[in-house]
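Read through the structure below, which is laid out as C-alpha cells, and then see the notes.
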Amino acid sequence: MKPLNTFLLIAPAALLMLGVFLVPFLLLAVLSLWTLKPGTLSLDTSLTLANYARLFGDTYYLGSLWTTLWMSAVTTLACLILGLPLAQWIVRRAGRARGLLIGLVIIPMVCGALLPTLGLVNLLGPLGVVNGALKSFGLITSSLPLLGRPIGVIVGLVQAFLPLMVLPLITSVERIPLDYEQAAMSLGARRVTVWRRVLLPLMLPGIAAGGLLVFCASLTAFVTPQILGQGKVVTFASLAFQQASRVLDWPFASALAMVMLALLLVVAGLGAAVARFARRQA
Amino acid sequence: MKARPADLAWLITVILVLAFLLAPIAVLVFSAFDAGNIFRFPPRAYSLRWFEAAFASAEYRRSLWVSTVLAFVSTIAAVTLASLAAYGLVRGRPVYRRAVEVLLLAPLTLPLVVWAIALLSIYASIGINGTPLGLILAHITITLPLAARIMIATISQIDPTYEEAAESLGATPARVFLRVTLPLAMPGIFASSAIAFLVSFNDVVVSTFIAGASWLTFPVRVFSQLRSEGIDPTTIAIGAMIVFATLLVVAIGERLLKLSRRL
Amino acid sequence: MAATPYLSVHAIQKHYGPVAALPGVDLDVERGAFVALLGPSGCGKSTLLRILAGLLDAEGGAIRLDGQDITGLPAWRRDIGLVFQNYALFPHMSVRENVRFGLDMRRITGAEAEARVDEALALVGLDKHLSRRPSELSGGQQQRVAIARAVAIRPRLLLLDEPLSNLDAVLRTKVRLELRELHDRAGLTTIMVTHDQAEALSTADRVAVMQAGRILQYDTPQALYGAPATAFVAGFIGSPAANLLPLSAAGPDAWLLADGSRWTPPATLAPGSAGVADRGDYLMALRPELLSLGERSPDGLPATIKAVEFMGGDRLVHVDVAGCALTARLSAVDRLPDSREVSLRVPEQLPLLFEAGSGAAARRSRVTNNKI
C-alpha cells in the first residue's frame with residue numbers, strides 16, 4: 001500500500017481521537033489553573049494555583065480523597081481474590097463452557113454502570129433481597145444498613161470492575177503452557193507449591209495489568225458510589241462530578257480531575273514497575 | 001481427572017463468584033415483576049404493571065429513542081473509522097503504527113470521568129454542549145477504541161495471501177477489498193458493532209456530563225432522577241428489558257462470532 | 001521460435017533494508033518450458049517469484065513477457081497465475097466460486113465461465129467437490145483447487161511457490177509427476193520455486209540454482225549433476241550431496257590433505273593431469289555414490305569408518321579423511337572391509353575440482369552424461 005493511502009485510511013480516526021480525546025486532556029491542565037470570578041460563572045484566566053490550594057487545604061476534600069483511595073485498594077484486592085480462581089477455572093477446567101463463562105463475565109461491562117447498580121440497590125437496600133432473606137430466616141430483626149456505607153459502595157465497585165481483572169488474568173493464564181504445571185508436578189511439587197512457585201509468578205503481569213485497571217476504574221468511579229453511597233460516602237470523582245455538573249465550577253473540577261490523573265499516573269508507574277519485576281523473575 | 005475435595009471447593013468458589021457477578025442483574029430483572037411501588041423482598045405480589053407503564057410512558061419512550069439513535073449513529077461512525085484505520089495500520093505497516101495504536105486505544109486506559117470534565121468545558125465554550133453533535137462525537141470517541149482493538153486483531157488474522165491471490169487472479173484493489181477483505185472481516189465488524197452499540201447505549205459516565213435537556217439518553221435520565229427522587233419502578237422494568245436485550249446480543253455474538261475471543 | 005525469449009528477466013534488483021535480496025538477477029525462459037528456481041530458504045527465489053507475479057516491486061531491472069514490458073504492471077493486469085504455498089483458497093467461497101473468481105474479474109460469465117471452470121477442474125482431476133468449501137477438502141485436493149484456480153484464467157505464465165511442501169512424502173512424489181503432466185497437457189510455461197532438489201530435478205526442464213540472491217547455475221538437471229559450475233552447486237545437488245574435500249597441490253604428482261598428510265593418487269587424479277597450478281588450495285568434489293572402500297592401499301585416500309547408516313537398498317558410510325567428514329554410498333550387498341582403517345577409492349575419471357576461495361570450477365569434467 002502506498003504511504004499516502006495508508007495515511008488517508010488512518011487519518012480520520014487518529015484526528016478524531018487527537019482532537020476530541022487528547023486535546024481536552026491538555027486543556028484540562030490549563031483550565032485547572034484558572035478560577036471563577038467570585039459570585040459568577042465567568043472565567044478568570046489569570047494563572048493561579050488557588051484551586052489546588054483550596055483542595056489540599058480542606059479536610060473535606062482530603063478526607064474524600066483518603067476514602068476513595070482505601071476503597072479502591074480494597075476493591076482491587078477483592079477483585080484479585082475473586083478473579084484468580086475464576087480466571088484459572090475458565091482457562092483450565094471450563095472446557096466447552098469457556099465461551100459461555102467469558103460471555104457471562106463481560107456482561108457487567110457492556111451493561112454500563114447504571115443498570116447493575118439499580119439491581120444492587122434492590123439487592124442491598126433495607127427492603128432488598130439480602131435483608132429480606134436474612135429476616136425471613138430470622139437471622140436479623142432490623143435491616144442491616146448496607147447502602148450509604150463504604151461496604152455497599154465496595155460491593156458495587158467489585159461487581160462492576162471484576163471483569164477488568166478477570167480478562168487480563170485469563171490472557172495471562174492462557175499464555176502458561178499446561179506442560180509447566182505437569183513438569184513441576186512430575187518433579188514432585190505439590191499442587192499448592194506448583195501454584196505458588198510456577199503459576200503465580202507467571203501470572204504476575206496479568207495481575208499487575210488487571211489490578212491497575214480495577215484500581216484506576218475504582219478511583220474515578222462516580223455513578224456507583226453516588227447511588228450506593230446515597231450521598232453519605234463521598235468519593236473524589238463524585239466531588240468532581242458535582243463541581244463540574246452541578247456547581248459549574250469547571251476550573252475547580254479540573255483541578256480535582258488533574259489530581260485523579262496524577263494519582264493514576266503514579267499507580268500506573270508502580271504497576272509497570274511490578275510488571276517489569278515480574279518479567280525479570282519469570 | 002478424578003474429582004478431589006480441592007477441585008470441588010474450587011468449583012463452588014467459581015459458582016459463587018459468578019453468582020455475585022450476576023446477582024445485581026438478576027435482581028434487577030426479578031424486581032421488575034414486583035407489583036409494589038417500592039421493591040421489597042420477598043415481594044407481596046407479582047405483576048407486569050411496570051412493563052405496561054414503561055410502554056405507556058412517552059417520556060421514557062423519548063429517551064430510549066434518543067439512546068437508540070445515538071448508539072446507532074455512533075456505532076456506524078466508530079466501526080467505519082476504526083476499520084479503515086485498522087486496515088491502514090495492519091496492511092500499510094507505517095512507521096508510526098505503534099504511536100497511532102496507543103492514541104486509538106488510549107480511552108480504554110485513561111479515566112473517562114477526567115476526560116468528560118474537560119470535554120464539558122470545551123463543549124460549553126464552543127457551544128455544542130447538550131447538542132446531538134456533541135453527544136455523537138463523545139460516543140464515537142468512547143466506542144472507537146473498542147472497535148479499533150477488535151478490528152486490528154481481525155485484520156491481523158486475515159492472511160494477506162488471500163488478497164494477493166485475488167490480485168494475481170486479476171482483481172483490482174477495490175475488488176480485492178470488496179470481494180475478499182470485507183467478507184473475511186465481517187465477523188470482526190459485527191462483533192465490534194455489537195460491543196460499540198451496547199457500550200454507547202448503556203453509557204452514563206460520559207453522557208451525564210454533556211447531555212442536554214432535549215437530548216437526554218435513558219441512562220442519564222434514570223441517573224439524574226435517581227439522585228433526586230429515588231427509584232421509579234418503571235425504570236426497573238425498562239432496565240430489565242435492556243438487560244434482556246443485552247444478554248441476547250452477547251449470547252448471539254458469542255454463538256456466531258466468538259465475541260469473548262475478540263475482546 | 002523468436003530470437004528473444006518468451007520471458008526475459010533482466011538485472012532485477014530488490015533490497016530489504018541494507019540487505020540485497022536480489023543484487024541483479026537475469027533469467028530467460030522459453031515458451032512452454034518448465035523451470036525450477038532451486039535454493040535454500042532465504043536465497044531470494046521467493047522474492048523473485050513475487051516480483052514476477054507483480055506482488056512485489058523490483059527496484060531496478062526489467063521483465064518482458066511475450067514481447068511486452070510488464071515491469072511496472074500491477075499484478076492484476078499481468079495474467080500470471082500464481083499457486084501459493086498455503087494455497088490461499090478463499091475460505092468464504094465454494095471450490096467452484098474459487099475457480100471462477102479470476103473469470104469473474106475478467107467479466108467472463110454464464111455458460112462460458114462454467115465451461116472454463118469445468119475444464120480447469122477436469123485438468124487437475126477434480127469434479128465432485130464443486131459445492132464444497134475448501135476447508136472440507138484434504139491438503140492434496142486443496143492444492144488441486146489452487147492449481148485449477150490459477151490455470152482457469154489461462155495464464156501467460158504459471159508460477160508455483162513451493163507447491164509440494166505442504167503435502168506428505170508419498171503424495172509429493174505422485175503430485176510432482178502430475179504437475180509435469182498438467183504443464184505439458186495445458187501447454188503452460190511454468191516457473192516453480194522449491195528448496196527440494198528432487199522436486200526440481202525430476203520435474204523441470206531447466207533448473208536455476210540460487211544462493212544469496214544470485215543464480216549460480218541455470219542448466220538442465222543432467223548438467224547440474226554432472227558438471228556443477230561451482231562448489232556450492234556440487235555441494236547442494238545430489239542426495240547426499242557431493243563431498244567437498246579440501247586439498248592443496250604439492251607438485252604435479254601429489255596433494256596435501258587438510259591435516260598436512262600427503263596423498264599420491266593415481267596419475268589421472270594428480271594435480272599435474274588435472275591441469276592446475278602446482279600451488280593452490282582446491283576443493284575436490286566426490287560423489288558419495290561413486291566412492292568405494294577397500295583395504296588400505298598407497299594410492300587410496302586413508303580413511304577411518306566412523307558410522308554406518310543402513311538405508312534399505314544401500315548404506316551410507318561416514319568416514320573421516322584427514323579430519324574431514326566424508327560420506328560414501330555403498331550398495332547394501334557390498335562387503336565392508338573388516339578393519340575400520342580403510343582406503344577410500346576415488347573413480348579415476350571424475351574428479352571435479354574447484355578453487356577453494358571462490359568456489360569456481362578449476363577444471364570441468366568431460367563427463368556430463370552420468371545417470372542421476
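The values are calculated or read from the model by the stated rules, or taken from the named source; none is laboratory data. Fair warning: this is a prediction, and the values are worked out from it, not measured in the lab. Methodologically, a virtual Cβ is constructed for each residue, glycine included, from the backbone with ideal geometry; neighbour enumeration extends over all protein chains shown. Keep in mind that these areas ignore ligands, DNA and RNA; they rest on the heavy atoms of the full protein, side chains included. Shrake-Rupley method; radii C 1.70, N 1.55, O 1.52, S 1.80 Å.
Values for this structure:
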{"read-out": "Flag for A:ARG191 being under 28 Å from A:GLY99 (Cα atoms), open to solvent by 20 Å² or more (accessible area, probe 1.4 Å) and either over 24 Å from the mean Cα position of the chain (by Cα) or of a type in the set (Val, Ile, Thr) (or both)", "value": "yes"}
{"read-out": "Residues of region B:17-32 that turn out to be without any contact (Cβ under 8 Å) to a residue 24 or more places away in the chain and surrounded by 14 or more Cβ atoms within 10 Å (Cβ to Cβ), as a count", "value": "10"}
{"read-out": "Some residue of region B:188-196 being within 12 Å of chain A (Cβ to nearest Cβ), in a helix (DSSP H, G or I) and either open to solvent by 10 Å² or more (accessible area, probe 1.4 Å) or out of contact with any Gly (no Cβ under 9 Å at 6 or more places or on another chain) (or both)", "value": "yes"}
{"read-out": "Residues that are more than 7 Å from chain A (Cβ to nearest Cβ), farther than 12 Å from B:THR234 by Cβ and part of a loop (DSSP other than H, G, I, E, B), drawn from region B:25-41", "value": "B:PHE33, B:ALA35, B:GLY36"}
{"read-out": "Which listed residue, of C:LEU73, C:LEU167, is under 25 Å from B:PRO173 (Cβ atoms), free of Cβ contacts under 8 Å to residues at least 60 places away in the same chain and assigned to a loop (DSSP other than H, G, I, E, B)", "value": "C:LEU73"}
{"read-out": "Every residue from region C:266-292 that is at pLDDT 85 or above and either in a helix (DSSP H, G or I) or among the polar types (S, T, N, Q) (or both)", "value": "C:PRO288, C:GLU289, C:LEU290, C:SER292"}
{"read-out": "B:ALA251 vs. criteria open to solvent by 30 Å² or more (accessible area, probe 1.4 Å), closer than 30 Å to B:ASN37 by Cα and among the hydrophobic types (A, V, I, L, M, F, W, C)", "value": "no"}
{"read-out": "Qualifying residue in region A:203-216 (condition: within 10 Å of another protein chain (Cβ to nearest Cβ), out of contact with any Gly (no Cβ under 8 Å at 6 or more places or on another chain), within 21 Å of A:PRO85 (Cβ to Cβ) and touching a residue at least 24 places away in the same chain (Cβ under 8 Å))", "value": "yes"}
{"read-out": "Helices (runs of 4 or more DSSP H) contained in region A:211-282 and holding at least 2 residues at pLDDT below 90 and small (Gly, Ala, Ser)", "value": "A:250-281"}
{"read-out": "Breaking point among (1) part of a loop (DSSP other than H, G, I, E, B); (2) over 30 Å from the mean Cα position of the chain (by Cα); (3) surrounded by 15 or more Cβ atoms within 10 Å (Cβ to Cβ), for C:SER131", "value": "(3)"}
{"read-out": "Residue match in region A:152-165 (condition: within 22 Å of A:VAL129 (Cβ to Cβ), without any contact (Cβ under 8 Å) to a residue 24 or more places away in the chain and either within 12 Å of chain B (Cβ to nearest Cβ) or touching a strand residue (DSSP E or B) at 6+ places or on another chain (Cβ under 9 Å) (or both))", "value": "no"}
{"read-out": "Within region A:1-44, tally of residues that are open to solvent by less than 80 Å² (accessible area, probe 1.4 Å) and not hydrophobic (A, V, I, L, M, F, W, C)", "value": "10"}
{"read-out": "Residue within region C:108-121 that is surrounded by 16 or more Cβ atoms within 10 Å (Cβ to Cβ) and touching a residue at least 40 places away in the same chain (Cβ under 8 Å) present", "value": "no"}
{"read-out": "Residue ID - nearest to the chain's Cα centre (by Cα), chosen from residues in region B:80-122 that are more than 7 Å from every other protein chain (Cβ to nearest Cβ) and in contact (Cβ under 8 Å) with a residue 12 or more places away in the chain", "value": "B:LEU108"}
{"read-out": "Test: residue in region A:50-69 that is open to solvent by 30 Å² or more (accessible area, probe 1.4 Å), among the aliphatic types (A, V, I, L, M) and within 26 Å of the chain's Cα centre (by Cα)", "value": "yes"}
{"read-out": "Qualifying residue in region A:159-177 (condition: more than 29 Å from the chain's Cα centre (by Cα) and in a helix (DSSP H, G or I))", "value": "no"}
{"read-out": "Region A:95-134 - residue that is open to solvent by 20 Å² or more (accessible area, probe 1.4 Å), closer than 23 Å to A:GLN230 by Cα and part of a helix (DSSP H, G or I) and, of those, farthest from the other protein chains (Cβ to nearest Cβ)", "value": "A:LEU134"}
{"read-out": "Enumeration of residues in region C:293-339 that are free of Cβ contacts under 8 Å to residues at least 24 places away in the same chain, over 21 Å from C:GLY235 (Cβ atoms) and part of a loop (DSSP other than H, G, I, E, B)", "value": "C:GLY312, C:GLY313, C:ALA332, C:VAL333, C:ARG335, C:ASP338"}
{"read-out": "Single unsatisfied condition, A:GLY231 versus (1) under 20 Å from B:VAL220 (Cα atoms); (2) open to solvent by 20 Å² or more (accessible area, probe 1.4 Å); (3) more than 9 Å from chain B (Cβ to nearest Cβ); (4) not polar (S, T, N, Q)", "value": "(3)"}
{"read-out": "Yes/no for C:LEU103 being within 23 Å of C:HIS183 (Cα to Cα) and either under 30 Å from the mean Cα position of the chain (by Cα) or more than 14 Å from chain B (Cβ to nearest Cβ) (or both)", "value": "no"}
{"read-out": "First in region A:179-199 and over 17 Å from B:TRP10 (Cα atoms), second anywhere and part of a helix (DSSP H, G or I) and open to solvent by 90 Å² or more (accessible area, probe 1.4 Å), Cβ under 9 Å, 6 or more apart", "value": "A:ALA184/A:ARG197; A:ALA189/A:ARG197; A:VAL198/A:TYR180"}
{"read-out": "Residue satisfying all of: in region B:213-237; within 16 Å of B:LEU70 (Cβ to Cβ) and out of contact with any Ser or Thr (no Cβ under 8 Å at 6 or more places or on another chain); least open to solvent (accessible area, probe 1.4 Å) among these", "value": "B:SER214"}
{"read-out": "Residue satisfying condition, being in contact with a Gly (Cβ under 6 Å, 6 or more places away or on another chain), open to solvent by less than 60 Å² (accessible area, probe 1.4 Å) and either within 14 Å of C:ALA356 (Cα to Cα) or free of Cβ contacts under 8 Å to residues at least 40 places away in the same chain (or both), within set C:THR220, C:THR230", "value": "C:THR230"}
{"read-out": "Residue among B:ALA32, B:ALA6, B:ALA19, B:ALA26 that alone is within 19 Å of A:CYS79 (Cβ to Cβ), out of contact with any strand residue (DSSP E or B) (no Cβ under 9 Å at 6 or more places or on another chain) and small (Gly, Ala, Ser)", "value": "B:ALA19"}
{"read-out": "A:PRO150, sole failed condition from (1) open to solvent by 10 Å² or more (accessible area, probe 1.4 Å); (2) over 23 Å from B:VAL205 (Cβ atoms)", "value": "(2)"}
{"read-out": "Matching helices (runs of 4 or more DSSP H) fully within region B:96-187 where at least 1 residues are open to solvent by 10 Å² or more (accessible area, probe 1.4 Å) and touching an Asp or Glu at 6+ places or on another chain (Cβ under 8 Å)", "value": "B:132-156, B:173-176"}
